[in-house]
Amino acid sequence: MLASTRSGGTTTAPPQATVPTAAAVALPVSPAARVVRVLVSPWSRFSLLVALLAGAATAVLLFEPQRLLAHGWPPQLGGAAAALVFAVAYGLCTVAFVPRPLLNLAAGALFGSQLGLGAAVAGTVLGAGISFVLGRVLGQDALRPLLRGRLLKAADGQLSRHAFRSMLAVRLFPGVPFAAANYCAAVSRMGILPFLLATAIGTIPNTAAYAVAGARASAPTSPAFLIAMACIAVPALAGAVVAWRKRHRLRGR
């Protein structure tokens, strides 16, 4: 027991030792913890994303897997199994920036209009989902603080608040780069489910036109081929006119 000291009838307790709190103690950080902290930092993850995409694009340029899809398809694969394998390859190729029109034409040429359309849409959704997850996990934390401009904030707010409607409009509007839309959606606060649903619905018209054109490419004078080409050309022309007018108005301001 602690002894008390009496002085003039007053009992005075001896001073007690101050116990340092956990916040006051600066614990040393191990080198391994510092390395882990650097590796999981936003800009380190963003650098990894850039490296992955650059490697994928380089692999496409060197090996040209899109030619395998169109000309070197294994003859032993056929039917639904072949369409499933094609969809997986399609999705991976879109992540590596292979142009979707080429893949859509290949889908129609290999599987016909209906099965080719299904394989192409499935591959589109798969590729968009992979890109979205990569952008959300590796790029969102680094890029969101850069959304400072008025137009960037407005676009981010539109995508975040009206996810399905905004992404559906982006997919239906011709000329919007597929990969750019995927990563812009990933940086926003859009959920993945409305993103994937809008992608699946919004890409059907354009994908169907390319699939029919690929399936009927051997008969370029057939009505189906001509209608498909018109469905490709007219929206593209309309999109170019709208983009030109928007740009002209912005310059006028």
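Derivation of every value follows stated rules applied to the coordinates shown; laboratory data play no part. All values reported here derive from a predicted model rather than from experimental measurement. Positions of Cβ are generated from backbone atoms using ideal geometry, with glycine treated the same way; all protein chains shown enter the neighbour counts.
Each peptide in 153-163, 94-104 was scored by the mean count of other Cβ atoms within 10 Å over its residues; highest first, the order is 94-104, 153-163. Legend: calculated FRET efficiency, residue 240 to residue 43, from the Cβ-Cβ distance at R0 = 35 Å, rounded to 0.05, equals 0.45. The length gained by stretching the chain between residue 102 and residue 153 to full extension, at 0.36 nm per residue less their Cα-Cα distance, is 15.0 nm. Positive end of the dipole of the stretch 85-240 (Cβ unit charges, origin at the Cα centre): among 201, 170, 111, the Cα lying farthest that way belongs to 170.
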